[in-house]
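Novice: Once you've had a glance at the structure underneath, I'll fire off some questions.
What follows is calculated from the coordinates using simple rules that are stated; it is not laboratory data. What you are looking at is a predicted structure, and each value in this text was computed from that prediction instead of being measured. Cβ coordinates were reconstructed from backbone atoms using ideal geometry, including for glycine residues, and neighbour counts include every protein chain displayed.
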Amino acid sequence: MSEIASKTRSGNLLLAIESSCDETAVAILRSGTQTVASVVASQIDLHRAYGGVVPELASRAHLSLIIPLLDQALKEAGCDHFGRSRDGSDAISAVGATYGPGLIGPLLVGVSAAKSLSLAWGVPFVGVNHLEAHLYAALLEDPDMKFPAVVLLVSGGHTLLISMQAPGRYSVFGSTVDDAAGEAFDKVARYLGLGYPGGPAIEQAAGALSSDARTKDRVRFTPPMLNDGLDFSFSGLKTAVVQYVDAHPEVSSAVVAAAFQESAIEVLVKKTKRCAELISARSICLAGGVAANGPLREVMTQMGERSGRRVYVPSRAMCTDNAAMVAAAAHYRLFVDGPSPLELGAAPNLAFPGHG
Ligand code: KG4
Ligand code: ZN
């Protein structure tokens, strides 16, 4: 039987592709735990002029970036174009890709590239849920995570409070009823004229304020649904910002940004704490692009310390979209479920496993 048909090439390397939104990324892991290559090309500059991701531009950028990035990752991992290490000691034995949720065009680029490599190299293909991949960012950096853990997954499209009993075993306890946390940061930043992407712009504007300005011009937005269950709502907070700015045009954008950020963090941390108490969590874990926010990382860590729980905070590069987390999730999925069929298509509206 040919190598392509048998799909049994042995080796300890797994290559994965991430292309769900505006980052094209390729990573190679050894034994599911050791990152031997991880490259990310961000399209932020491309979309900045439009104040948000333009799907068609993103698709084209992924198309032109994917081959150079694959080349670069293979080179960094010391592999040839057949996915074999040049010293003959190892080989890529599986290829994974994010297949949803995300933008259809960008997803198709990564999924098609991964399937092509799977066929060419004669190795299994594994489709990965992008949201589940975010959970593997912390696990990859700290494999001894204590369970049960509460994971706060906050990205541009999702806000989820997840009870994680073990890798692959999850229950969703809370989600947003309207905007996602990252979406709220992006919309508020756009309204305040702070630029794109909104999360880092708001963090930077708020961080640049002197402590004098912070206390003198103190503005406070009531954290939305603070005492109300485990679900989130950010659309009202965004409206409160707009109404405040209309009524107080003299107050600087930085002061308003700081107040918005404080309110959003307060509700994210308080609900995470409530969920941790409810499930008697041993630890707390941050995931997703908004988890790159410095004040959120700080306040969450302090809350965890006070409540006797370890807080796992992935490095900033592992919070935002990358392929190392996708490779770690692919390694786990391959082990538990086996390969995905090559018929698996891109799934733009894919939900978190077991949710919705
Ligand atoms: O996980 P991610 O890279 O992509 C998605 O899967 O959505 O998250 C992107 C989101 C954007 O909304 C961005 O504004 C937000 O994460 N973000 C931040 C920060 N860095 C990225 N939000 C707040 N503070 C940051 N430093
Ligand atoms: Zn993401």
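Novice: Give me the dipole magnitude in Debye, nearest 20, for the chain about the Cα centre, with unit charges on the beta carbon: positive for Lys and Arg, negative for Asp and Glu.
Specialist: Taking the Cα centre of the chain as origin, the dipole is about 620 debye.
Novice: Write down the radius of gyration of region 147-281 and its Dmax, each obtained from C-alpha positions, in Å.
Specialist: My reading of the Cα-based Rg and Dmax gives 15.8, 51 Å.
Novice: Keeping to pairs on different chains or 8 or more places apart, tell me how many lysine pairs in the chain have Cα atoms under 28 Å apart.
Specialist: Close lysine pairs under the 28 Å cut-off: 16.
Novice: Given Cβ point charges of +1 (Lys, Arg) and -1 (Asp, Glu) and nothing else, what value in debye, to the nearest 20, does the dipole of region 202-356 about its Cα centre take?
Specialist: Rounded to the nearest 20 debye, it is 520 debye.
Novice: A further question follows. What does the charge add up to near Val241, with Lys and Arg as +1, Asp and Glu as -1, over the other residues with Cβ less than 13 Å from its Cβ?
Specialist: The answer is 0.
Novice: As I understand it, the dipole of the chain uses +1 on the Cβ of Lys and Arg and -1 on the Cβ of Asp and Glu, about the Cα centre. Which of Val311, Leu57, Ala328 lies farthest toward its positive end?
Specialist: Val311
Novice: Quickly estimate the mean residue ellipticity at 222 nm for the chain, helices only: each DSSP H run with n ≥ 4 gives -39500 (n - 2.57), and the total goes over all residues, rounded to 500.
Specialist: Rounded to the nearest 500, it is -14000 deg cm²/dmol.
Novice: Hey, another quick one. Dipole of the chain (Lys/Arg Cβ +1, Asp/Glu Cβ -1, origin at the Cα centre): which of Gly168, Leu69, Ala291 lies farthest to the positive side?
Specialist: Gly168
Novice: Now for a separate question. Report, in debye and to the nearest 20, how large the dipole of region 147-281 comes out about its Cα centre when Lys and Arg carry +1 and Asp and Glu carry -1 on their Cβ. Please list the in-between numbers first.
Specialist: Numbers: 12 positive and 14 negative charges, 60 e Å.
Using only the charged Cβ atoms, the result is roughly 280 debye.
Novice: Here is a follow-up. Only counting other Cβ atoms within 10 Å, I'd like Met303, Met164 sorted with the fewest neighbours first.
Specialist: Result, fewest neighbours first: Met303, Met164.
Novice: Next question. Distances longer than 35 Å among the Cα atoms of the chain: what percent of all pairs is that?
Specialist: Working: 15929 of 63190 pairs.
In whole percent, the share of Cα-Cα pairs in the chain beyond 35 Å is 25.
Novice: Right, here's the next one. Around Gly174, which amide H atoms from residues at least 5 apart in sequence, or from another chain, sit under 5 Å from its own amide H, with H modelled in the peptide plane?
Specialist: Leu161
Novice: Apply the Karplus parameterisation 6.51 cos²θ - 1.76 cosθ + 1.60, with θ equal to phi minus 60°, to every residue of region 14-20 and state each ³J(HN,Hα) to the nearest whole Hz, in sequence, with x for glycine and proline.
Specialist: Computed from phi, the couplings for region 14-20 are 10, 9, 9, 10, 10, 8, 6 Hz.
Novice: Separate question: Within a Cβ distance under 13 Å of Gly100, other residues only, what is the Lys/Arg minus Asp/Glu net charge?
Specialist: Once positives and negatives cancel, what remains is -2.
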